[in-house]
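In what follows, a structure is listed as structure tokens, so that the remarks can point back to it.
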């Protein structure tokens, strides 16, 4: 009888301790999620030119993952056409940060000519020139190429959420942020958190297969744009 009482007490204590631990973990996550994000602040130097945030970036992003009030977007291509290896980068998306979904900036709009010229001077050529949701007119305005362009953009980048943008080094993310702001998004809710090539956190998901120069893109949460199904504006 005494053994049964002791066993019952042990079970009860285990339940209470387990419940308390679960409560503390969940409460800690909720508290962290409800903490206000740091106000945007540009980094110094070239990173500032690309509008990479000083507080939320590749070094600190792990502290801001998993928030329900944020959407996480990596705007690289799965297989970039540009020669990024000439500048120490990568063409293939060899990895990404957990929680980020990939939607290529190159499919959203065309690259400004000055950016193409700049990259050429840095020995980076072959930037994507295929179909895009928007194009740039002579005054630098974004013009829809398809009737569905804006609705697609609003679905992928919801206006009621804060948006964290990442790419390889920060350039594509910078252009995506500029585009969204020009089309009506709230600038204060869009953060350029830098580039995966500089990420040294603990939440990286590799796509590389067996250490070879081959990637398994089935691991990537990917927003595909099937241009053949869209209604072109002529």
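The values are calculated or read from the model by the stated rules, or taken from the named source; none is laboratory data. Everything numeric here is computed off the predicted structure, so don't read it as measured data. Neighbour counts run over all protein chains shown; Cβ positions are idealised from the backbone, glycine included.
Being touching a residue at least 60 places away in the same chain (Cβ under 8 Å) and either surrounded by 19 or more Cβ atoms within 10 Å (Cβ to Cβ) or touching a strand residue (DSSP E or B) at 6+ places or on another chain (Cβ under 8 Å) (or both) holds for only one residue in 189, 131, 177, and it is 177.
Looking only at residues that are assigned to a loop (DSSP other than H, G, I, E, B) and at pLDDT 95 or above in the range 180-200, which one is nearest to residue 167 (Cα to Cα)? The selected residue is 199. Within the range 88-110, the set of residues being assigned to a loop (DSSP other than H, G, I, E, B) and buried (at least 21 other Cβ atoms within 10 Å of the Cβ) comprises 93, 100, 103, 104, 108.
In the range 116-128, what count of residues is obtained for those that are assigned to a helix (DSSP H, G or I) and exposed (fewer than 14 other Cβ atoms within 10 Å of the Cβ)? Steps first, please.
Residues of the range 116-128 that are assigned to a helix (DSSP H, G or I), as a first pass: 116-121.
Still in the list and also exposed (fewer than 14 other Cβ atoms within 10 Å of the Cβ): 117-118, 120-121.
The number of residues fulfilling the criteria is 4.
Considering only residues that are loosely packed, with under 10 Cβ neighbours inside 10 Å and over 20 Å from residue 85 (Cα atoms), which ones fall in the range 195-220? Working first, answer last.
Start the filter on the range 195-220 by keeping residues that are loosely packed, with under 10 Cβ neighbours inside 10 Å, which leaves 200, 202, 210-213, 218.
Those that are loosely packed, with under 10 Cβ neighbours inside 10 Å and over 20 Å from residue 85 (Cα atoms): 202, 210, 218.
For the condition closer than 17 Å to residue 42 by Cβ, assigned by TED's automatic domain parsing to the domain that holds residue 88 and either at pLDDT below 95 or surrounded by fewer than 21 Cβ atoms within 10 Å (Cβ to Cβ) (or both), residue 171 qualifies.
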